[in-house]
1. Inside the range 43-98, can you point out the residues that are in contact (Cβ under 8 Å) with a residue 60 or more places away in the chain and more than 22 Å from E136 (Cα to Cα)?
2. Anything in the range 7-25 that is modelled with pLDDT under 75, of a type in the set (A, V, I, L, M) and either open to solvent by 60 Å² or more (accessible area, probe 1.4 Å) or at positive phi (or both)? List them, or say none.
3. For the range 177-188, indicate whether the set of residues that are assigned to a helix (DSSP H, G or I), acidic (D, E), on the phi < 0 side of the Ramachandran plot and surrounded by 11 or more Cβ atoms within 10 Å (Cβ to Cβ) is non-empty.
4. Can you give me the number of residues within the range 131-144 that are open to solvent by less than 70 Å² (accessible area, probe 1.4 Å), part of a helix (DSSP H, G or I) and of a type outside the set (S, T, Y)?
5. Going through the range 196-221 one residue at a time, which ones are open to solvent by 50 Å² or more (accessible area, probe 1.4 Å) and among the hydrophobic types (A, V, I, L, M, F, W, C)?
6. Would you tally the residues in the range 154-176 being surrounded by fewer than 17 Cβ atoms within 10 Å (Cβ to Cβ), part of a helix (DSSP H, G or I) and of a type in the set (G, A, S)?
7. Pick out, from the range 26-84, the helices (runs of 4 or more DSSP H) lying fully within it that include 1 or more residues that are open to solvent by less than 30 Å² (accessible area, probe 1.4 Å), at pLDDT 90 or above and among the β-branched types (V, I, T).
8. For the range 161-196, name all the residues that are over 30 Å from the mean Cα position of the chain (by Cα) and among the charged types (D, E, K, R).
Amino acid sequence: MTLALVKRQVATNEIKAGKSVEKWKVFRDASEAREELGLQSNSLAVLDALLSFYPENELRQDAQLVVFPSNAQLILRAHGMPGATLRPHLALLVDCGLIVRKDSANGKRYTRKNGAGEIENAFGFDLSPILARSEELALIAQKVVAARSAFRKAKENLTICRRDVRKLISAAMEEGGDGNWAAVEAMYVELVGRIPRSPTMTDVTEILDEMELLREEVLNQLDNQSNSHFNSTNDAHIEQHIQ
């Protein structure tokens, strides 16, 4: 067991009295934070299965939060995931601090009940870390959602800007506007060619900045031509008036 895992277990024992969280809400947060936590989709399937063995909808500080399904039961709830796949994903959930193993002396998962039939002790997987880290998981999830939204907006802006530049260049070339439009088009093609198949936020932001500069340059050239044409027409009109 690593020092980090020991620290997490200590933190789990210090959950604020009376604290509770809706288990599927915190599961959704963990799902959003999956990449930040180093989890895979199968890890979430296993976590979903573990949470399904907890009978109540809320994880509470004053409740017994250890679930003790057999591997066969877990495999069934995880939609038939092979045992060889199940084990490493259980280990991932432990390593990232979402669950803690609470082993019995013989390594088996079971409960010990008192004379009244109440659970006195349970051995299996402790869900307390999820409760302890619920605020942290919610914060990570919010950041992931915000980053995803910003990325989507940046890609949309790049698509719109790219379409604008293409239309402006095509219009200038079709109308025979003054300027080296072939060179401008080559710059546009070079920019588009630099967009990766799976771009990052940095890729999109950098290319968007350059594409916006190119659009501004094209608009300036077209505006200058428009002003030049207006001035030329106005001069001819004045000359005719004098004559």
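1. V67
2. Once the filter is applied, which keeps residues that are modelled with pLDDT under 75, of a type in the set (A, V, I, L, M) and either open to solvent by 60 Å² or more (accessible area, probe 1.4 Å) or at positive phi (or both), the range 7-25 yields only V10.
3. So in the range 177-188, the residues assigned to a helix (DSSP H, G or I) come out as 181-188.
Of the ones still in play, those that are also acidic (D, E) are 185.
From what is left, the residues that are on the phi < 0 side of the Ramachandran plot are 185.
Imposing the further condition that a residue be surrounded by 11 or more Cβ atoms within 10 Å (Cβ to Cβ) reduces the set to 185.
Yes, the range 177-188 contains at least one residue that is assigned to a helix (DSSP H, G or I), acidic (D, E), on the phi < 0 side of the Ramachandran plot and surrounded by 11 or more Cβ atoms within 10 Å (Cβ to Cβ).
4. Taking the range 131-144 first, the residues open to solvent by less than 70 Å² (accessible area, probe 1.4 Å) are 131-134, 137-138, 140-141, 144.
Checking which are part of a helix (DSSP H, G or I) leaves us with 131-132, 134, 137-138, 140-141, 144.
Subset that is of a type outside the set (S, T, Y): 131-132, 137-138, 140-141, 144.
So the answer is 7.
5. Correct list: M201, L213, L219.
6. Here is the first cut: in the range 154-176, the ones surrounded by fewer than 17 Cβ atoms within 10 Å (Cβ to Cβ) are 155-157, 159-160, 163-164, 166-167, 170-171, 173-176.
With the extra rule that they be part of a helix (DSSP H, G or I), the set shrinks to 155-157, 159-160, 163-164, 166-167, 170-171, 173-174.
This time we only want the ones that are of a type in the set (G, A, S), so: 170-171.
Total satisfying the criteria: 2.
7. Values: elements: 34-37, 41-52, 71-77.
Where helices (runs of 4 or more DSSP H) fall fully within the range 26-84 and carry at least 1 residues being open to solvent by less than 30 Å² (accessible area, probe 1.4 Å), at pLDDT 90 or above and among the β-branched types (V, I, T), they are 41-52.
8. From the range 161-196, those over 30 Å from the mean Cα position of the chain (by Cα) are 165-189; that's our starting set.
R166, K167, E174, E175, D178, E185, listed by residue number.
The values are calculated or read from the model by the stated rules, or taken from the named source; none is laboratory data. The shown structure was predicted, so the numbers you read here are calculated from the model rather than taken from an experiment. Cβ: placed from backbone, ideal geometry, glycine included. Neighbour counts: every protein chain shown. Note: areas computed on protein heavy atoms with side chains; ligands, DNA, RNA excluded. Shrake-Rupley method; radii C 1.70, N 1.55, O 1.52, S 1.80 Å.
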